[in-house]
Amino acid sequence: MGNFLAGKVVAVTGAGRGIGRAVAIAAAAEGAKVVVNDYGVSIEGGEPTSEVAESVVKEIEAAGGEAVAVADDIATMAGGQRIVDVALAEYGRIDGVVCVAGILRERMLFNMSEEEWDPVVATHLKGTFTVFKAASAVMRKQGGGTLIGFTSGNHQGSVAQANYSAAKGGIISLVRSAALGLHKYGVTANAVAPVARTRMSANVPMELKEIGEPEDVAALVVYLLSERARAERITGQVYTIAGPKIAVWAQPRELRAGYAEGGWTPSRIADFLPGTVGTDPMPMLVQLEAMAEAAARRDRPNA
């Protein structure tokens, strides 16, 4: 047992399997008391079960740690609140929340139904909001705490996961908003965009050159939850961890601007914008075109 998180109480959603499970186990191994949340559904959906959360609690307890299971649906306000309420009832405080829970509904945008859009956005984006809201209210009074959301490199866009990409992009904006709004209360907020071998990554239709294990991601999360990270004033950041690589994403900012006197007309913009302001090429689009060329050669592209 380590002591990186000694004395802290941490809640982890989606903690029954994959990265969430690794985070819960790692946090407990570093001294945290852990609220293990998992609604118990498959990535495609299905009937929930509390067994997966309970099994992780048993693993933590067998290793000498302390944990409690919560099987509520974090896509509901009551579910997000219950996670925090259980932490307070069992352990008296909440120092960190890590929102990993997620599902997939893959479909091209022009074929995507409301039934495929709503659950993905609800689980990823609203599920992060419900937990952040409940936890931040307590952390504000405590005078400190850490919020961690899980995003994806797909926040840049995705061919057949517009719902997932939109939710993951929203999580980044939510994290940045939390970092700004809660800074004066001593609360930090960051996002992690992992690349690791999980049930979700098994569906990626390409070979990933940079990929790690859930335990790599857990190590980064434990650090972000720790006093070491708070001392460095790390907040409002998006980190990728992929095996041996850790990267930080740029903050959004204007890339280039141009000015002209007088009012704008479509014709004037057509003459002005391409040569003066220009564009910022989409890396994912460049990659997509390379994949299409590789497919035409019957190669399996790398990414």
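The values are calculated or read from the model by the stated rules, or taken from the named source; none is laboratory data. Here the structure is a predicted model, which means the values were calculated and not measured. Here the Cβ is made from the backbone with ideal geometry for all residues, glycine too, and neighbour counts use every protein chain on show. Ligands, DNA and RNA are stripped out before the accessible areas are found, and what is left, the full protein with its side chains, is counted by its heavy atoms. Shrake-Rupley method; radii C 1.70, N 1.55, O 1.52, S 1.80 Å.
Annotations for the structure displayed:
- Tabulated pairs, the range 251-276, first surrounded by fewer than 10 Cβ atoms within 10 Å (Cβ to Cβ), second of a type outside the set (A, V, I, L, M), C-beta under 7 angstrom, 6+ apart or interchain: Leu255/Asp280; Arg256/Gly278
- Whichever residue in the range 108-147 is of a type in the set (Ser, Thr, Tyr) and open to solvent by 10 Å² or more (accessible area, probe 1.4 Å) and, among such residues, is farthest from Ala179 (Cα to Cα): Ser113
- Listed conditions (1) open to solvent by 100 Å² or more (accessible area, probe 1.4 Å); (2) under 25 Å from Ala24 (Cβ atoms); (3) in contact with a Lys or Arg (Cβ under 9 Å, 6 or more places away or on another chain) are all met by Asp280, apart from (2).
- The one condition from (1) polar (S, T, N, Q); (2) surrounded by 17 or more Cβ atoms within 10 Å (Cβ to Cβ); (3) farther than 18 Å from Gln142 by Cβ that Ser55 does not meet is (2).
- There is no residue in the range 28-38 that is farther than 21 Å from Asp85 by Cβ, outside any loop (DSSP other than H, G, I, E, B), open to solvent by 50 Å² or more (accessible area, probe 1.4 Å) and modelled with pLDDT of 95 or more.
- Applying the criterion of being of a type in the set (A, V, I, L, M) and closer than 15 Å to Thr235 by Cα to the residues of the range 148-176, the residue that is surrounded by the fewest Cβ atoms within 10 Å (Cβ to Cβ) is Ile172.
- Conditions (1) open to solvent by 20 Å² or more (accessible area, probe 1.4 Å); (2) part of a helix (DSSP H, G or I); (3) not hydroxyl-bearing (Ser, Thr, Tyr): number failed by Ala179: (1)
- Residue within the range 162-171 that is of a type outside the set (D, E, K, R) and farther than 22 Å from Ile19 by Cβ present: yes
- Qualifying residue in the range 220-231 (condition: farther than 30 Å from Ala178 by Cα and either in a helix (DSSP H, G or I) or over 29 Å from the mean Cα position of the chain (by Cα) (or both)): no
- Number of residues in the range 98-107 that are under 25 Å from Ile25 (Cβ atoms) and open to solvent by 30 Å² or more (accessible area, probe 1.4 Å): the value is 0.
- Scanning the range 72-92 for residues that are crowded, with 18+ Cβ neighbours inside 10 Å, within 22 Å of Gly143 (Cβ to Cβ) and not aromatic (Phe, Trp, Tyr) yields Gly80, Gln81, Ile83, Val84, Val86, Ala87.
- Subset of the range 236-257 (residues that are farther than 19 Å from His155 by Cα and modelled with pLDDT of 95 or more): Arg256, Ala257
- Number of positions in the range 86-118 that are without any contact (Cβ under 8 Å) to a residue 24 or more places away in the chain and in a helix (DSSP H, G or I): 6
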